[in-house]
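Below is one structure, written out as C-alpha cells, with a few remarks after it.
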Amino acid sequence: MPPYPYRLVIFDFDGTLADSFPWFLEVFDHLAERFGFENPDRSHLDELRRLGPRELLKRLKVPLLKLPAIATYAQRLQNQQIEKIVLFDGIAQVIRDLKARGVTVVVVTSNDADNVRTVLGAELSALIDHYSCGSSLFGKAAKFKAVLKAFKAKPTEALSIGDELRDIEAARKVGIVVGAVTWGYAHEDSLLSEKPDHVFEKPADILNI
C-alpha cells in the first residue's frame, strides 16, 4: 500500500462523512418555525447552497445570538432520529485504508460526539484518533490549531476534508491543506470558486491523491 502524502487527516462530519442533508431538509420547517427564521421555498435550494455561511444566515434572517440554541436543539433532534443518518457509501473503507497507511485520523465537527460515534459505529469509532466536537459555526480554526498542537504536526502535514465554505476558510486560517468534497451541503460551484488544493468527487478519490 503506497504511503499517504499527509500524516494527519481532519474530517468534517455532516455532509462529509455522514449523509445528513436529507434529514436536515426534513426538519428544516420545524426549526424555522421554532426559532423564527425565514423558511424559503425549496425551489431556492440550489441558490442557497451556493451561499457562504454568513450570507446564508443573513438571507434566512437567523440572529447570530440564536445560533448556539439552534445548534444544540438540532443536535438533540438528530440524536432522537439518528437511525436516519448514514455514512456515505465508501467512507468506511476510506477510514480503514487511511489507518492502514499509518495516517492519524481526526474528526472536527460542530455536531455532538454521541451522534458522531453512533453513526460511525463501534469499529470505525475506534479507528478515529481524536474527536473535537461541538465547535461553533465559525470556531473550527481554533479546533484545527489545537489538533495540530496535540499531534505535533505542521500545517503542511495535515489535510482538512470538508463540504462547506467555512471548512475551507478555517483550514486556510491555520495553513492546513484544503480538501473539498462535492457530495455535501455546499454547491460544487461555490467550493471550486475557492480553489481548494484537492477536490474529491467520490470518497475513493481521497485515497488517490
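The values are calculated or read from the model by the stated rules, or taken from the named source; none is laboratory data. Because the structure is a prediction, the values reported are computed rather than measured. No Cβ is skipped: glycine too gets one built from the backbone with ideal geometry, and neighbour counts run over all protein chains shown. What goes into the accessible areas is simple: the full protein's heavy atoms, side chains included, and nothing from ligands, DNA or RNA. Shrake-Rupley method; radii C 1.70, N 1.55, O 1.52, S 1.80 Å.
So which residues in the stretch 2-17 are assigned to a loop (DSSP other than H, G, I, E, B) and either open to solvent by less than 70 Å² (accessible area, probe 1.4 Å) or on the phi > 0 side of the Ramachandran plot (or both), if there are any at all?
Within the stretch 2-17, Tyr4, Tyr6, Asp12, Phe13, Gly15, Thr16, Leu17 qualify.
Condition test on Asp167, is it among the charged types (D, E, K, R), assigned to a helix (DSSP H, G or I) and open to solvent by less than 60 Å² (accessible area, probe 1.4 Å)?
yes
Just to check your reading of the model, which residue among Phe138, Phe151, Phe144 is hydrophobic (A, V, I, L, M, F, W, C), open to solvent by 70 Å² or more (accessible area, probe 1.4 Å), in contact (Cβ under 8 Å) with a residue 40 or more places away in the chain and farther than 16 Å from Ile206 by Cβ?
Testing whether each residue is hydrophobic (A, V, I, L, M, F, W, C), open to solvent by 70 Å² or more (accessible area, probe 1.4 Å), in contact (Cβ under 8 Å) with a residue 40 or more places away in the chain and farther than 16 Å from Ile206 by Cβ leaves just Phe138.
Scan the stretch 154-164 residue by residue and report those that are open to solvent by 10 Å² or more (accessible area, probe 1.4 Å) and not in a helix (DSSP H, G or I).
Answer for the stretch 154-164, where residues must be open to solvent by 10 Å² or more (accessible area, probe 1.4 Å) and not in a helix (DSSP H, G or I): Lys154, Glu164.
Only one of Leu77, Leu120 is in a helix (DSSP H, G or I) and farther than 20 Å from Tyr131 by Cβ. Can you tell me which?
Exactly one of Leu77, Leu120 is in a helix (DSSP H, G or I) and farther than 20 Å from Tyr131 by Cβ, namely Leu77.
Criterion first (open to solvent by 10 Å² or more (accessible area, probe 1.4 Å), among the acidic types (Asp, Glu) and farther than 21 Å from Trp23 by Cβ) does Asp129 satisfy it?
Yes.
I'm trying to understand the selection: among the residues of the stretch 159-209, which are small (Gly, Ala, Ser), within 26 Å of Gly102 (Cβ to Cβ) and under 15 Å from the mean Cα position of the chain (by Cα)?
Once the filter is applied, which keeps residues that are small (Gly, Ala, Ser), within 26 Å of Gly102 (Cβ to Cβ) and under 15 Å from the mean Cα position of the chain (by Cα), the stretch 159-209 yields Ser160, Gly162, Ala170, Ala171, Gly179, Ala180.
Surrounded by fewer than 16 Cβ atoms within 10 Å (Cβ to Cβ) and on the phi < 0 side of the Ramachandran plot: is that true of Ala74 in this structure?
Considered against the rule, which asks whether it is surrounded by fewer than 16 Cβ atoms within 10 Å (Cβ to Cβ) and on the phi < 0 side of the Ramachandran plot, Ala74 comes out as no.
Condition check ((1) without any contact (Cβ under 8 Å) to a residue 24 or more places away in the chain; (2) closer than 20 Å to Leu25 by Cβ; (3) crowded, with 16+ Cβ neighbours inside 10 Å) across all residues:
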{"position": "Lys58", "(1), (2), (3)": "yes, no, no"}
{"position": "Leu64", "(1), (2), (3)": "yes, no, no"}
{"position": "Ala69", "(1), (2), (3)": "no, no, no"}
{"position": "Ile85", "(1), (2), (3)": "no, yes, yes"}
{"position": "Phe88", "(1), (2), (3)": "no, yes, yes"}
{"position": "Arg96", "(1), (2), (3)": "no, no, no"}
{"position": "Val105", "(1), (2), (3)": "no, no, yes"}
{"position": "Ala122", "(1), (2), (3)": "yes, no, no"}
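Filter the stretch 18-54 down to residues that are over 24 Å from Asp114 (Cα atoms), open to solvent by 40 Å² or more (accessible area, probe 1.4 Å) and either of a type in the set (Asp, Glu) or outside any helix (DSSP H, G or I) (or both), then give me how many there are.
Qualifying residue count, the stretch 18-54: 11.
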